[in-house]
Structure formats: C-alpha cells, structure tokens
Amino acid sequence: MNNVIDLTASHVPTHLEDLALGGLRPTSIYQHHTLLRRCSRHIAPTPSHQASTEQLREFLLRNKANGQPLTQGSRAAEASWLRSYFGWLQRTGRRADDPTEGMPRPKQPKRLPRPIGEHDLEMAITLADTRMTAWLRLAAYAGLRAAEISMLRGENIMLSQRLIVVAEGKGGRPGVVPAHQSVLEALTNYGLPDSGWVFPHSYNNANPIKPWSVSTKAADYLRACGIDATLHQLRHRFATAIYQTSGRDLRTTQELMRHATPVSTAIYTWIDPADGVAAVDAL
C-alpha cells in the first residue's frame, strides 16, 4: 500500500483556506485537517478527493487505534466534516458528484450532563502541579474550554478587575468572564506573564499549547487520580454551580457560559435528584 499522502493534489489546502476565509476558528480548521489526513491514510492509494461512498462508509465504521469502536459523537462529527469537504469539492467544480449525499447522517447522542463531584475536584486540585491546578481551576471555576485555556494571553488576565478576556471563544465569539479568586491565585502561582501566551508550546514559546494537548493531559491526570472525568466535565460543574447559586437563573448561566442560546445552556445544568423529589412533593 502506498502510504504517501498527497494532500495538495486532493485540494485540501485550498479547502482549508476557504474555511479560514469563512471565519472558522483555527482550532476547528486543525481538527478538520487532521480528519482529512486520517481519511487519506485509510483509503490510500486512492486520493481523498476521489473517495467512493463505500470507502467513506468503511472509514466511518473503523475502530480506533486501541481497537475500540468510534463513539457515536465522534462518528457524527467526522461525517459532518466529510460532508463539508466533498460538498465543497462539488460546489467548486472539482468533483462532479458528492459521495456523501446518500450516506446516513449519524446523530449526535443526547448526553446527560456529568459534572465532576466536588470531592473528586478538590482531591485532583490538591495533588496537581501548578500548571494542572491552573487548568482545573480555569475549567471548574471560570468555565473555560480547552481551546480557550490554550489561547489565554497574559494581557487578557485583568487581575485588579478580576476578569478574564476570552479573545476568541467557540464560534469565534469573544467574551469576558468574571474570575473566581482561586483562579487568579492559581494563575499567579503558575507564573502569569504580563503578556504573551500563558501556556506556551513546550517546543516553541512563540506558539500556544495545542487545545487537544490541554484536554488530553487533563484527562490523563484525572484518570491517574482515579477520577473518571474529562476537562469538559469541569465546565459542566461550573454551569451547574452557577445555575444553582444564581437561584436557577438560566439567563445568568447562559451569559457566563457564553452560549449563543439557552438551549445549549440547559444541557449543562444539573438538578440534584433530591431537589427534584422535593419539588414534586410540593405540588
């Protein structure tokens, strides 16, 4: 099998440039590029832009490197990215047909929120080094996503006002987040720079650490602590805590989570079953 991947011939660079011109975030473009490289390896020696429907189906049904099947969420995301690429090829006259047209559209599973437990969170923070402590605090007490943590700059941390400026959140939307005192202390203990990347890449200080590296390292650390959780579940914890301490004010929670609609916020809010029983008993 030919393992050489000619992404230039497959029009991928031009596609990625068009995505950037359309305003897609660098993190999303990177994920898109990674998916197309993975697909190219899977169907080689067929160039990716010449893939058949059957080849794409086999790619989406593959197992991960560890032998486990892809999650439904991962399969749905990959199918969406492939539809974007092949739809673009057809629209721009680079291909006459779209091999994804007749393929089923996997649905994103509706998942119940799983905020990390307070005991587990405190244990993880107690055992963490200064960088990991800062990541855990930023996710659990400021609601930052992995990509937002990776892109933090020193000039975006306003210590005296207790604010964090998220220059580019999900969907490219900027935002300002009130900072819990423990978050500011964690950043200061880590070594907050006056300017530049707060968490630079380990091999190149001119660039920030990759978002996937933040989420993977955090998940690995939590697993080493015996905690079955991800960094994003700490964001779930932030949403749940804000929702409960604000008197179940969905609008306030939405603003602090920086969601475009309250529908997204509702997914993250979690009500203690005991409170639900009490509410029913009060009817």
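Of all residue pairs spaced 6 or more apart or on separate chains, those with beta-carbon atoms under 7 Å, a first member in segment 212-230 that is more than 13 Å from A128 (Cβ to Cβ) and touching a residue at least 60 places away in the same chain (Cβ under 8 Å) and a second member that is of a type outside the set (S, T, N, Q) and assigned to a loop (DSSP other than H, G, I, E, B) are A229/I116. Residues in segment 203-228 that are over 19 Å from the mean Cα position of the chain (by Cα) and either at pLDDT 90 or above or among the small types (G, A, S) (or both): A206, A224, C225, G226, I227. Scanning segment 60-79 for residues that are out of contact with any Leu (no Cβ under 9 Å at 6 or more places or on another chain) and surrounded by fewer than 16 Cβ atoms within 10 Å (Cβ to Cβ) yields A65, N66, G67, Q68, T71, Q72, G73, S74. Within segment 2-35, which residues are among the charged types (D, E, K, R), in the same structural domain as A51 (by TED's automatic domain parsing) and either modelled with pLDDT under 70 or assigned to a helix (DSSP H, G or I) (or both)? Within segment 2-35, E17, D18 qualify.
Residues that are more than 22 Å from S150 (Cα to Cα) and either among the charged types (D, E, K, R) or not assigned by TED's automatic domain parsing to the domain that holds A146 (or both) within segment 226-246 comprise just one, D228. Scanning segment 184-237 for residues that are of a type in the set (V, I, T) and within 24 Å of L159 (Cβ to Cβ) turns up T188, V198, I209, V214. Annotation: R57 fulfils all but one of (1) surrounded by 14 or more Cβ atoms within 10 Å (Cβ to Cβ); (2) more than 21 Å from P211 (Cβ to Cβ); (3) in contact with a Cys (Cβ under 9 Å, 6 or more places away or on another chain); (4) touching a residue at least 40 places away in the same chain (Cβ under 8 Å); the unmet one is (3).
When Y85 is tested against the conditions (1) outside the structural domain of R57 (by TED's automatic domain parsing); (2) at pLDDT below 95, the lone failure is (1).
Output yes when any residue across segment 46-57 is part of a loop (DSSP other than H, G, I, E, B), at pLDDT 90 or above and of a type in the set (G, A, S), and no when none is. Yes: segment 46-57 contains one or more residues that are part of a loop (DSSP other than H, G, I, E, B), at pLDDT 90 or above and of a type in the set (G, A, S). Taking (1) at pLDDT 90 or above; (2) touching a Lys or Arg at 6+ places or on another chain (Cβ under 7 Å) in turn, M158 satisfies each apart from (2).
The values are calculated or read from the model by the stated rules, or taken from the named source; none is laboratory data. Keep in mind that this is a model prediction, so the values were computed, not measured. Note: ideal-geometry Cβ built from the backbone for every residue, glycine included; neighbour counts use all protein chains shown.
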